[in-house]
Structures are given as structure tokens and as C-alpha cells.
Amino acid sequence: MSAEYRVDLDAFARNLARVREAVAPARHMLVVKDDAYSHGLEQIVRRAVAEGVTWIGAFDVETGRAVRAVAGPDVRIFVWLLGGADDLAGGIAADLDLGIGDEALLADLAAQKTPPSPARVHLKIDTGLHRNGIRPEDWSRALETLSTLVGEGKASFEGLWSHIAEASDADDDDAREIFLAARAAAVDAGLTPRFSHLAASAAGFARAPFREDLVRVGAFSYGIRPAGGPGEAELGIEPISTLVATVTAVEGDAVRLDLGSLHGLPSVLEGRFSVTTPAGPRRVLTIEPGSTLVETWSEAAPGNTVIVWGRGGVASATDLAELIDTIGEEIALRVSPLVPRRYATNGPRRAR
Ligand SMILES: *Cc1c(COP(=O)(O)O)cnc(C)c1O
């Protein structure tokens, strides 16, 4: 197939600069889970480091290791999905910052041999999402365990963190109260975290009190605006990727593109959006597993290139997402690994 997913690394660099400015004086932690939101981990991490990013949020230990291999020794890499003792040991060996959200993991850490340097622990308080995180009622016991680990040289208290829904300001405010109470309790127990972090893209941009020391930004770094929220221009970000397909045949009133639901186009969007052709926008008619039919145009011919969504097209990932009540990340993440990634750049903007 000749469809491709084009990633503009210079646009990515501009978004990084914008994020840095928006969250300052807090630091930007670039979140790269899910293969850097499907843009390709290696290229994204390499460029981010060249642009001066110093914290990367990698989700799990395997991704953390992959980031370490690309980013070198100086970048802090935060992971927050830890399955148990093996993951802990692997994370420590790869010099990762470890997000710990349950007491069983603290017990696993206590059971490890004392490492050459203390494991860098970021303790997570559950502020209401109930995904993972230590419940407020268990917090003081977890602090006692951590205090022992710190005393034994097995851990350093690097971070206090949580994750919020960013769906309503009122719920986020309640979550923040729990977060602040957890920090006060830690400080009372003689444990002061070096870094606090709570917000992701949306709250990090919109709500200064949520920025703390670090803001974990995924979506906005990749130019994915929030569904139902402010637009790219208002946020100062731009889409960095373009899903492109090629006309393989002209069939009466329609042209066939070499991209279908198996490559990542949600078939529930049939008839509901337009792609950008050499003759302007044309409606998508039918999305089949391997290919898609689109309204034709005069002089349509095999080999013509069509922008399906993204940078330079009529629809962004979030535009499509809003049609089916989801978020832009979900559209971006659907782009199949079968679609080759192509990277464009004129090189890093600044040497650091
Ligand atoms: C995905 C994720 C983020 C980034 O969220 P965005 O809305 O994409 O910025 C931050 N923190 C955690 C824990 C996450 O899982």
C-alpha cells in the first residue's frame, strides 16, 4: 500500500515550545505512551530531547527502557504501570522514576535488596478517579512504609502525584484538595517530595494552580486539541500528523482509496466527513476494511493523493472524534502500524 502517516517533527518542536511556555515555571513532562500517541516513539523522543525536554512520561517499564535507549542517561523517565517485583527491579535497573500507586508495590520494594542508589519513588494519592493510587484512608500507613524505605536507603521520595479527570472544574477542584491534604500529611510525617504533579494537557494549560512542578502533557504536545474544548489556534498548538491515502481506481461517481477501517478509519464515520482531494473537499461514502470510496472529481486519476485527516486537511483527529463522541487521541491511536510513518524535518531549532 502507499497510504502513509506523515509526521512533521518541526511542528512537533513548535508545540513543545508552546507547551513549555504555557506551563512555565512548571516543567513539561512529555507523555509518550502508546508509541507516542501512534507517532512513533523513537523519532518523537529523539526530537524532544534535542528540543530540551528533560522529563518523559513513558507509562510502563518496557517503554521506559526504550526511551532510555534513545534519550540517554540525563533525561528523567517516569513510568506508572508497575506489575510487581520484577517490574520494580527492571525500572530501578533502567534508572527510571517509579510511580507507585499501591501498598503491595511498596512491600515489594521493601523486599528488594538495597539498590546501589535509592529507587526514585513518586507516590500516588487516589484523588477520585479510582484507577490506581493509594486511598486517602490508607495514606498515613503508606507514608510510614515509605519513611522506613527512605531511612534504609532503598527509596528517595521524588514525587507526589495523581491524575485527574479534567472533565469538570468542580471535580478537579475536589481532587486538588485531596492532593494538597496528602502533601500536607507527607510533610508532617517528615517526607517532602521533590516534585509534585497533578495535571495533564487540559488543566495544565487552563488552570495555573494545577501546574505544581511538572505537567504531564501528551495530547497537546502532538497538537491534539480537546474534544468540545478550545481550538488549536486558541491553544497555540498545531496538528503534527497527516493521514494520507492514494487513489487506486476511479469507479463511476466514486474514487477508491488504499485505506480502510483496518488501517484505522472508523467505519462509523461513513458518509459523515470529507477528505481533502486535489479538487477540494469530497465526502467519504463507504469505508471498507481495505479501502474507502470517496465522491469523485473531474480529472480524478489513480495516483492522486488525498489527505484523509490531520495537518493540511479539512478535518483534524479531534474533528472526527467529535462526530462519534470520543477524543482525538482515539482517532490518532487507530492509525494501524501497517501504515508506514514518514518523518519530515528541517532539523532541531535549537542546540541545547
Ligand atoms: C495519558 C496520561 C497523561 C497525558 O494526558 P493528555 O491529556 O494526553 O495530556 C498524563 N498523565 C497520565 C497518568 C496519563 O495516563
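Read-outs throughout are calculated quantities, based only on the coordinates presented, and are distinct from any laboratory measurement. Not measured: the values here are computed from a predicted model. Don't worry about glycine lacking a Cβ; one is built from the backbone with ideal geometry, like all the others, and counts go over all protein chains shown.
Going 7 Å from the Cα of Asp34 in the Cα-to-Cβ direction, what parts of region 258-294 have a backbone nitrogen less than 15 Å from that spot? Label zone hits: 264-266. Taking every alpha-carbon pair within the chain, the share separated by more than 37 Å comes to 26 percent.
Report the far tail of the P(r) of region 113-154, meaning the percent of Cα-Cα pairs longer than 13 Å. List each step's numbers first, then the result.
Details: 496 of 861 pairs.
In whole percent, the long-distance tail amounts to 58.
Taking every alpha-carbon pair in region 246-352 and binning the separations at 10 Å intervals from zero gives 14, 46, 28, 9, 3, 0 percent. Helix-only arithmetic for the chain: the sum of -39500 (n - 2.57) across DSSP H runs with n ≥ 4, divided by the residue total, places the mean residue ellipticity at 222 nm at -9500 deg cm²/dmol. When the chain is treated as a GNM, springs tying every alpha-carbon pair under 10 Å, which of Glu137, Glu51, Glu177 comes out with the largest mean-square fluctuation? Comparing Glu137, Glu51, Glu177 in the GNM, the peak value goes to Glu137. Count the net charge of all other residues whose Cβ sits under 9 Å from the Cβ of Ala344, scoring Lys and Arg as +1 and Asp and Glu as -1. Spelling it out: positives minus negatives among the neighbours equals 0. Would you mind calculating the relative contact order of the chain from Cα pairs under 8 angstrom and at least 6 residues apart, reporting the percent as a whole number? It comes to 20 percent, rounded to a whole number. Evaluating kT/(6 pi eta Rh) at 4 °C and 1.567 mPa s, with the Kirkwood radius of region 5-58 over Cα pairs in the Stokes-Einstein relation, gives 115 µm² s⁻¹. Each residue, Ser298 and Glu177, gets one label point 7 Å from its Cα in the Cβ direction; the gap between the two is 6.6 nm.
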